[in-house]
Each structure stands twice: as structure tokens, then as C-alpha cells.
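Below is one structure; the comments refer to it alone.
The values are calculated or read from the model by the stated rules, or taken from the named source; none is laboratory data. What you are looking at is a predicted structure, and each value in this text was computed from that prediction instead of being measured. Glycine gets a Cβ as well: all are built from the backbone with ideal geometry, and neighbour counts include every protein chain shown.
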Amino acid sequence: MTERITRDMTPSEILAKLREASGYYLCNNERDVSQSDFKSRLMPLTTVRVAPYREAVGFFSVEVSGGATVHVDLLRKQVNPFDRLRIARKAMPKTLLQTVCRGASLFGYRHYPENVIRLTVRQFAKYVDVWRVYDFLNHIPNMIPVFEEVQKAGKLLMPSICFATGEEHTDAYYVRKVKEILAVTGPEVIISIKNYAGLGTPKRLSRLVKAIRSACPDVILHYHGCNTDGNDIGRMTAAVLTGVKICDVADHGYGAVYGQAPALTLIQTLEDYGRQAVGLDMDALIQSSNLLRQELKIYEPFESPFRGHDPTVAQYKLTGGAVGSAFEQADQGGFLERMPEILQEMAKVLVELGNWWSVTPGSQIIWTTAVNNILYGRYERPSLDLKNLLLGRYGPLPFYEPENWIFEKVLEYQRTDGKKWHRILYDEGGLIKPADAHLNQERQRLQAQLDRPISDEDLVLYLLFPFDALAFFKFVARYGKTWLLPPEIWFRRGGFKTGERLSFADERGVPHSIEIISTRREGASHLTTLLVDQYYQTINVKV
Amino acid sequence: MVSSPQKFNKILVANRGEIAVRIMRSAQELGLKVVSVYEETDKDAYHIMRADEAVCLGPGPCRDYLNIARIIEAAQETGAQAIHPGYGFLSENPDFPEACANAGLVFIGPPPEVIRNLGSKVVARQMALETGLPVIPATPRLPADMEGEQQALSFAARYGYPLMIKAVSGGGGRGIRQVFDEKGLLAGLKQSRAEAMLSFGNDEIYLEKCISCPRHVEVQILADTHGNVVHLGTRNCSIQRRHQKLLEIAPAGLEPEVNSAICQTAVRLAREAGYLNAGTVEFLVGPEGEFYFLEVNTRIQVEHTVTEVVTGLDLVREQLCIAQGKPISFSQNQVVERGYAIQVRINAEDPKNNFLGSPGVVQVYRSSGGPGVRLDGAIYQGYEVSRHYDSLLVKLTVYGFTWEETVQRLGRALKGFLIIGVKTTIPYFQQIVNDPDFKQMNFDTSYIDTHPQLLDYREEEREVDKIARLIAEINAHGRNPYA
């Protein structure tokens, strides 16, 4: 346990410890497992329930924030993303907390103004110790403001190279990207290989790691992969054997399908090669999973309609974090039966558009384009995001440009000025940095809407997701911090039985109970009488 | 005809709400039976449940509580021999004690002619002048014509602005208007006269010099049929909103010599007026301790509790005994004021919405308690606060040995309440408790106007109550609509 990395260490001390370690470390990527396997529905109290075991395991870090979680917290769970971090911090005081940030898109789907990026990172950096940062086009300048703010905040920076397969995806390309990053950040970082869709064979990963380590011998490498094809254990094993120091893993009792592969399987495999996971308490690791298995029934409704691994991801290359929600959208859109066709189309579109990395926000562009192509004809209904991509708004495409006919279809779609695509590209193309936001004006606007003082954290959430954050703040004003409820109550279906008693503790640890005394209907009014702590209340809901 | 003191063993309380309950408590301690009255629209009121018997006066709302004949009839039906009027309603209507006397009932209060004389501000003022009391310079009744305007203008020329226009029959803060210049004066005379007619059925008004930033101080007196008149010290009622008291303190915190002088003055007036039973003499006290007679309230006051707390005496018990012809049960030199008491009126009102009444069902009611806390209320969980009646839910009176302790106790006691279903004045009082001027006992009648920041608060709702709202939503929809 002496090798354990804890939160009281500085980034330099952590990096020194990693460099001298003979074994490897594990990051529990709770966030990505939730996103990939349960549509980001993991509630904070599940984190709290498993936290004592996770804290005892001795992970390098636990990723509890970032990606789609920030948005889904506001949208579907009514959880303040900062509360989520505070809760996790309190529950796991020693463990480093990790996030994943989409570069200039932060935790959203479009590039934000630089002052918004910097303010957001400053606010989240109060709680997040490790920052995994990527750009879906591997365009390093898109990540620089985030890099700078993370380093200013004294937090550990983990710049990522998005990895995929194809003839353009050479070792030389990725080594060049690593060098580009190090030139900006300096050597005191961890470079992450972001194998977002779980692509490539173990052999391919082994070659890539060797190439990077050969070009940059002092660099510390982290591997983040998805297990969509069921072979991430193989890739991680190869990566660790060739020099990766940290791998993202899941609990075997929770997910481990489209998200990360299970920690225990990796540990057992690497043991055979004489490689030890540093400072890990195996009993606690197993207990974590035992507890999470009990929680699974709460989250089952959010699993993908198609269960099990999908090795065909090697063709459509969709990020693990989007697989489940893609199937859900197809199900809700009534075209689930056309998914095989859509997945084939995704593979085709990806190649046509430049074979870059189908990870957020690029994955949404590929998905939407493929679906629209199938439903309405090829490139007949291009999205605004696809148009922006072709205009270079997200940055230059890394390998090659789409064919002219695609430019024509996309850029001339719904144009009323008669301009041709090459003229549009000439006049309007390029990476245009969004103008800085008027932070004071935005603060005043939000303050006026909520009629209360606004914190910097509130402002950040509003700047990231104006409509959803506002709705969330109004929800909290009316219903309070409902994440205090057990998750099984939050996701309850079918109402409550008379006499059912719900128990929970508030943030101060004070226990509360709400007992269902009676339910009755009067026309459109649904009257529920509750015993709230010791007091009866009848609440009228119009249905 | 004046009702004579006589023994009685059953009384009728001609009032409702907390004061009816307050009177019943003392009466029942003395072994008296109590009859309550109510209007049909008030049939769920708590005072009815506390009484030994109850009589419905009529359909209501409010008009039956003012029906003298019906109340006398109720007393006669139930065999009550005496009537306590409480405050408000008929308590200061001289026709009521007169009717009681005619019916052979004891009126627990002053005789009708005393109420009549002291109830008229002009007569009371004249009486004060004749008794040598310092009075605020004022005009006599102003004629309702050009001459009245001329008199007003010459008064203004002599004493300067601002001036107060007052209704002769006014009370409870109604019928008072401050004017700052000639234009305002001339317009105000017309408006005040119209308002006075509307409110009191009497359009007589007069003009008074305005004492700037005074403290509103009152002296509690008791007088019996044996010629005893005592005072029970002072109260400071300066914290008022539009001339209606919000918070009262005992003692008033005057310099000892001013305190003594003001109390002696009040006793002198009571003697001169032939006063009987409990009453209050009100004064304005200027910044240098100069004081002016204001008016007499010929009834038990809402704020009598603070006097009871610091003196340890039961004013209603004394009222009942005096009405039975007994002497006051203590002498002046036995009256000792110890420590401080503060009373706040917890009303079903929204301070942020101009203290507008907040009718509704009291879904949850948890009262405060603990050392130094007294509650006088008449609500319960499930009680519906009606727009027809007074919005007073409960009076909270706290006691402390020092001012600092009393203020801290008030803050703590306010936090102890949990009232759900109606908006209340509690958060506003919590603001006052935390105000530096209040903590230093630095306030006068301008306090509310000069401290608008007291309204800058956010109402705090318990997290569990908000969450209960979601549980009801999940129950109603069969799923969580926000998940």
C-alpha cells in the first residue's frame, strides 16, 4: 500500500511516483461505464454506497465527472455536477478524482468562448485532480486554454491523443501528436491514449506504445479504452507490457460492456506476465463489485436494447459512450430494426468524411449523418454540425477532405443566395474562435431569472447549457436536492404503495422519512397524503 | 347605566382567536366556566374547542362578532354573568358595556363613559391638558369647511411641518396621515376626512404637530373599585409598520427618571379619568427624553404579554378580579420589572408583498419552546387561515435577563417554528433579530421605513418538504417526470 497515490501529493510527486513504479496503476472509470452502459444515469448515492470500498481499493483515480455526465446530470438526474464532485470528494477523501474534458467543447457539443473555457476549468478544478483532455480532431490548439488552466490550478494534466484505425493512423502520426502536445504542456503531464471505441488489436496497441516510448522515453502513458468488441483486456495487457503505466477499468459487477473492461480480469491476466497492480486491495475490489451487483437492478432499464459485445465496432468505430444512446435513439425513433444498415452507413460516412475520430462531438456528426442518409437519402439532409465541420469550424480535418460532391450537398443545402460550395468554403471557411462571452451580463441575466445571488459555479453551468441549467435551477428551488433520495426512488415506476416508508439522510447526516399515508383522485387532482418526518402533509398534483 | 362589580362564576368571551384563548386560560385558572362565541364561518377556530360551552352567533363573517344584542343574548342563554371583550371588535365601543349593564351583566373593562371620553382623542387630549399632562400641540376638531382649512394653515404656520392629520375616532393606526407641506395638508384634510367617515362613521379630524423620530412608549395601568391605581411599567412599541405595531418590548428602555415620570403621569391621568380595570396610556418620547401624551387604550392590549413576562403578573386574572369588585392583588411597590421581554406577532402575511394576508391551510405547525419562551396562539395543524379574520397566528414572547440574551433567544425561538401552508412574518423578524441597530436597541418609529433591507431575505424551506413534493409527483404520475 505504500506505493499508493493519494490526493495529498502534488502533481510532481505523483509523476515521480509513477515513473519509479515497477507495476501499473488502475483508474476506475465510473463515469464512462455509466455513460457507455447505462446512458449516464448513475446517481450520486450509488457512488456514495460503493465509495468506502473504492477508497480502500487504492485506485490511481476514479473518474466521476466529465463527458456527457455534466449535461445528463442537469437534464435527467437533476444533480448539480458540482454537488456530484463534492459528494464524491467527501466519500473518497484520499482518492484522486478524474474528469474527461472535450477540449474547447468542454463538457458540451460545440466550441465555447475562451473566457468561458477558462472560467469553467477554474471552477471544476476546485474538485477535479486529474484532467483527461482530448479533441476529436486531435487539433492540439483546441485544447490549449484547458491545458493552461489545469496547470495553473496545480492539477494533474492528462492530454489525450484520440486513437483509431486505418491506413492514415500511423505510429508516426500519433508520435507527432504526442510531441506537439509536449511542446505545449512541457514534460510534467501524463499522455493518454484514448481508444474511445476500443479499436485495434493488442498487437497494434503494443506497436503504438512502443513507438511513443521510443520517441519520448520519459513520457508516462495512460490507456483509456472501451470494451465494445470484448477485447480491451487484450489491448490493455499489451499496452501495460510495453510500458503503459495507468489503465482505465470498470468493476466486474457493473457494466464492463461498452465502457471499460473489468479490473479484476486485467489484474489476473497481467499477474501471469509478472506484472502487479500497484497498491491495490483485492478484497475491497471484489466487495465493490458485490455491492454494485445489488445496484444493477436500478439501472437495468437504461442498458442498451442490444446486449453484449459487438466486434463489428471495428468498422463503424463509434465511441463506447455513444453506443447505448444510439440504440436508444433508434428504438425511440422507430428504426431500431435498421440499425445494422445504419452502422454500415456510419462506417462508410466516416471514411467519406475523412476517417477522423468518431468521439464527441464528432460521433454525433457521424451518427446523425448516417441516420439521415438512411432515412432521407445520402447527404440529402445534412446537419448544421456537419456543415460546420466541413467549413472547418472545429479545426482542420487531419488526413484528407471529403469528395467535392459531399461539399456540394452539404454546403449548398438550404442556401438561398445561390452561392456554390467552393465559394462558400472560401468566404466562410476556417476555424473561427467564438467571441468572449459577456460574463457580467450573463450573470445578471441568470440572477434576474432566478431572483437569487448567483455563484460562479451556477454561472458556469448556465454558460455551458443555458436552457437545461436554468430548468435545473428552477427544479432545485422547487424540489430541493433530490439526489438525497435513494436512486431506486428517483427511478421509481408505478407510484408508491400506501404505508410505504422512504428513508434518507440529508447533507448534514440528519435522517428523514416520508411515509405514504393515502392517495386519492379528485378529477384532475391527485392528492397524496404524506407523513413527512412527524408531520402530515397533503400535496395536490394536477395530472 | 354602569354595571356594578359582582361575583360571577361563568363568563362569556366576546372575541375569537388567541385573545379569546388567553382570557379563557386565566378564567379557568380561577375556576370560572367559559362560554365562547363564534360565527359559522369561524366554526373551526381553536378558541371554540378551548371553551366549556360555545354559542354560534350567526353566519358571519365578522358582522356577528360585532352584534351586541346577539352577544348579550348568548350570555343570557348560557347563564354567563360577565363578558370579557378582549381587544378589537367591541372592546372599545361604549355601547357594549352599556348594553351589558342594562342586561345585568358585568363588563370586564372600564365603564362606558370612560371608554367614551378616552376613546375620543379630542376629549382625552382635553382631559390630559386639564390634568397638566404634556400633550403634543394640536388643533381642536377642524370644521369641515374653509374655516377648518384656515385653522389648519395657521396651525402649520405656528408649528411648522411635518404635521399629522388624525381622525377623532381613529385607532389601531388607521385614520392617520403625515403631511409635509401646504399642498399636502390641504389635500390630506379632504382625504383624511373621507377615510375617517368610511372607517369610523365619523368624519371629524384634527391636526397635530409631528414629533420627528420619536419612540412609541406606553404605560400599562390597572385600576380597581377601591381607588387603587397602579402602573406595571413601560413598553416600547416603536417598531411599527404604517402605525401598526409589529414588535413590542418591555420595559421601554428609558432613562430611569424619564421612566418614573412617564409612569406617574399615566397613573395621574387614570385617576383623573376615573379609570377602572386594565388600560394603556400611550406617549411619544422624543430624542431628549421629552414625552407627550398620545392616547389611552381602554382594553387589554395585544402586547400585554411582555408586561406579564417581566413583572410575573397575570393581567387578565387581575381584570377578572377587579370586575368582581376585588382590589388589585398587589401594591405599586411590589411591582418589579426584571429583565427584558420581546413579543412578535407571527402573522399569516407575506412581508415581501406589502404584508398582504396569506390565507390558506396550515399544513404543518410545529411551535417553538424552551426556556424563556411564551406562546399565545390559536392555530393548529390543518387550521384554515381565513381572509375574513385577523391574520395573527401566534404571538411569540421571549424573556431574557439582559437585552442581548433576549434578542438571541428571540432568534433561536423563531428558528424553532415550522409553519407550512401559509407565508408568515417569521423571516422578517429573523432579519430584525440580525439587524445591528436592533441588537443595540437603537430604534424609533421610523425604524421600518429606514431599514428597507429587512425585506432582503430568502425564505428557507426544509429540504425534506421540497423532496416530499417530488414524491407526490412521482406518486401522481406513476413515474418520475424529471428523470
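The figures follow:
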{"read-out": "Selected residue [more than 22 Å from A:Val62 (Cβ to Cβ) and assigned by TED's automatic domain parsing to the domain that holds A:Ser160] from A:Asp283, A:Asp272, A:Asp331, A:Asp248", "value": "A:Asp272"}
{"read-out": "Residues that are assigned to a helix (DSSP H, G or I) and either in contact with a Ser or Thr (Cβ under 9 Å, 6 or more places away or on another chain) or surrounded by 16 or more Cβ atoms within 10 Å (Cβ to Cβ) (or both), drawn from segment B:160-192", "value": "B:Gly184, B:Leu185, B:Gly188, B:Leu189, B:Ser192"}
{"read-out": "Residue that is surrounded by the most Cβ atoms within 10 Å (Cβ to Cβ) [pool: residues in segment A:107-116 that are under 19 Å from the mean Cα position of the chain (by Cα) and over 15 Å from A:Tyr462 (Cβ atoms)]", "value": "A:His111"}
{"read-out": "Single match in A:Val249, A:Val244, A:Val257 (criterion: outside any strand (DSSP E or B) and modelled with pLDDT of 95 or more)", "value": "A:Val244"}
{"read-out": "Residue tally, condition within 8 Å of chain B (Cβ to nearest Cβ), at pLDDT 95 or above and part of a loop (DSSP other than H, G, I, E, B), over segment A:497-510", "value": "0"}
{"read-out": "Matching residues, segment B:423-456, being modelled with pLDDT of 95 or more, under 22 Å from the mean Cα position of the chain (by Cα) and assigned to a loop (DSSP other than H, G, I, E, B)", "value": "B:Lys423, B:Thr424, B:Thr425, B:Met441, B:Phe443, B:Asp444"}
{"read-out": "Segment B:334-378, residues that are within 14 Å of chain A (Cβ to nearest Cβ), within 28 Å of A:Gln534 (Cβ to Cβ) and not in a strand (DSSP E or B)", "value": "B:Val362, B:Gln363, B:Ser367"}
{"read-out": "B:Ile322 being surrounded by 15 or more Cβ atoms within 10 Å (Cβ to Cβ), part of a helix (DSSP H, G or I), aliphatic (A, V, I, L, M) and in contact with a Pro (Cβ under 8 Å, 6 or more places away or on another chain)", "value": "yes"}
{"read-out": "Listing of helices (runs of 4 or more DSSP H) fully contained in segment A:440-492 that carry 2 or more residues being aliphatic (A, V, I, L, M) and over 23 Å from the mean Cα position of the chain (by Cα)", "value": "A:466-479"}
{"read-out": "Pair list, Cβ under 9 Å, 6 or more apart: segment A:463-491 residue within 21 Å of A:Phe124 (Cβ to Cβ), other residue surrounded by fewer than 22 Cβ atoms within 10 Å (Cβ to Cβ) and small (Gly, Ala, Ser)", "value": "A:Leu463/A:Ala437; A:Leu464/A:Gly108; A:Phe465/A:Gly108"}
{"read-out": "Number of the condition not met by A:Pro93 [criteria: (1) in a loop (DSSP other than H, G, I, E, B); (2) within 30 Å of A:Tyr174 (Cβ to Cβ)]", "value": "(2)"}
{"read-out": "Matching residues in segment B:198-241 - criterion: being over 23 Å from B:Pro452 (Cβ atoms), of a type in the set (A, V, I, L, M, F, W, C) and at pLDDT 95 or above", "value": "B:Val217, B:Val219, B:Ile221, B:Leu222, B:Ala223, B:Val229, B:Val230, B:Leu232"}
{"read-out": "Scope segment A:511-543; condition under 40 Å from the mean Cα position of the chain (by Cα), at the interface with chain B (Cβ under 9 Å from one of its Cβ atoms) and surrounded by fewer than 16 Cβ atoms within 10 Å (Cβ to Cβ); matching residues", "value": "A:Ser513, A:Asn540, A:Lys542, A:Val543"}
{"read-out": "Any hit, segment B:72-87, residues being touching a Pro at 6+ places or on another chain (Cβ under 9 Å) and either more than 25 Å from B:Thr298 (Cβ to Cβ) or of a type in the set (A, V, I, L, M, F, W, C) (or both)", "value": "yes"}
{"read-out": "Which numbered condition A:Glu295 misses (of (1) at pLDDT 90 or above; (2) part of a helix (DSSP H, G or I); (3) outside the structural domain of A:Val48 (by TED's automatic domain parsing))", "value": "(3)"}
{"read-out": "Entirely in segment B:15-98, the helices (runs of 4 or more DSSP H) that have 1 or more residues that are in contact (Cβ under 8 Å) with a residue 12 or more places away in the chain and surrounded by fewer than 17 Cβ atoms within 10 Å (Cβ to Cβ)", "value": "B:17-29, B:68-78"}
{"read-out": "Answer residue from segment B:4-14, given it is farther than 20 Å from B:Val55 by Cβ and in contact with a helix residue (DSSP H, G or I) (Cβ under 9 Å, 6 or more places away or on another chain) and is surrounded by the most Cβ atoms within 10 Å (Cβ to Cβ) among those", "value": "B:Pro5"}
{"read-out": "Any pair with Cβ under 6 angstrom, 6 or more apart, that starts in segment B:402-426 at a residue that is away from chain A (no Cβ under 14 Å) and ends at one that is of a type in the set (Asp, Glu)", "value": "B:Lys423/B:Asp350; B:Thr425/B:Glu349"}
{"read-out": "Matching residues, segment B:262-303, being farther than 25 Å from B:Arg317 by Cβ, part of a helix (DSSP H, G or I) and among the aliphatic types (A, V, I, L, M)", "value": "B:Ile262"}
{"read-out": "Residue within segment A:412-421 that is within 14 Å of chain B (Cβ to nearest Cβ), surrounded by fewer than 16 Cβ atoms within 10 Å (Cβ to Cβ) and farther than 27 Å from A:Asn142 by Cβ present", "value": "no"}
{"read-out": "Of residues in segment B:335-392 being small (Gly, Ala, Ser), out of contact with any Ser or Thr (no Cβ under 8 Å at 6 or more places or on another chain) and under 28 Å from B:Glu39 (Cα atoms), the one surrounded by the most Cβ atoms within 10 Å (Cβ to Cβ)", "value": "B:Ala378"}
{"read-out": "Flag for A:Val175 being more than 19 Å from the chain's Cα centre (by Cα), of a type in the set (Val, Ile, Thr), surrounded by fewer than 22 Cβ atoms within 10 Å (Cβ to Cβ) and closer than 21 Å to A:Arg19 by Cα", "value": "yes"}
{"read-out": "Single unsatisfied condition, B:Val123 versus (1) outside any loop (DSSP other than H, G, I, E, B); (2) within 25 Å of B:Ala27 (Cβ to Cβ)", "value": "(2)"}
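For (1) surrounded by 20 or more Cβ atoms within 10 Å (Cβ to Cβ); (2) within 14 Å of another protein chain (Cβ to nearest Cβ), each residue gets a yes or a no:
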position: A:Arg452; (1), (2): no, yes
position: A:Leu461; (1), (2): yes, no
position: A:Phe472; (1), (2): yes, yes
position: A:Thr482; (1), (2): yes, yes
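A quick yes/no check of all residues on (1) closer than 22 Å to A:Trp356 by Cβ; (2) of a type in the set (Asp, Glu); (3) assigned to a loop (DSSP other than H, G, I, E, B):
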{"position": "A:Phe147", "(1), (2), (3)": "yes, no, no"}
{"position": "A:Gly154", "(1), (2), (3)": "no, no, yes"}
{"position": "A:Pro159", "(1), (2), (3)": "yes, no, no"}
{"position": "A:Glu168", "(1), (2), (3)": "yes, yes, yes"}
{"position": "A:Ala172", "(1), (2), (3)": "yes, no, no"}
{"position": "A:Val178", "(1), (2), (3)": "yes, no, no"}
{"position": "A:Glu188", "(1), (2), (3)": "no, yes, yes"}
{"position": "A:Ala197", "(1), (2), (3)": "yes, no, yes"}
{"position": "A:Pro217", "(1), (2), (3)": "no, no, yes"}
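Matching residues to (1) touching a Phe, Trp or Tyr at 6+ places or on another chain (Cβ under 8 Å); (2) part of a helix (DSSP H, G or I); (3) free of Cβ contacts under 8 Å to residues at least 40 places away in the same chain:
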position	(1), (2), (3)
A:Tyr25	yes, no, no
A:Arg41	yes, no, no
A:Leu45	yes, yes, no
A:Asp83	yes, yes, no
A:Arg89	yes, yes, yes
A:Thr99	yes, no, no
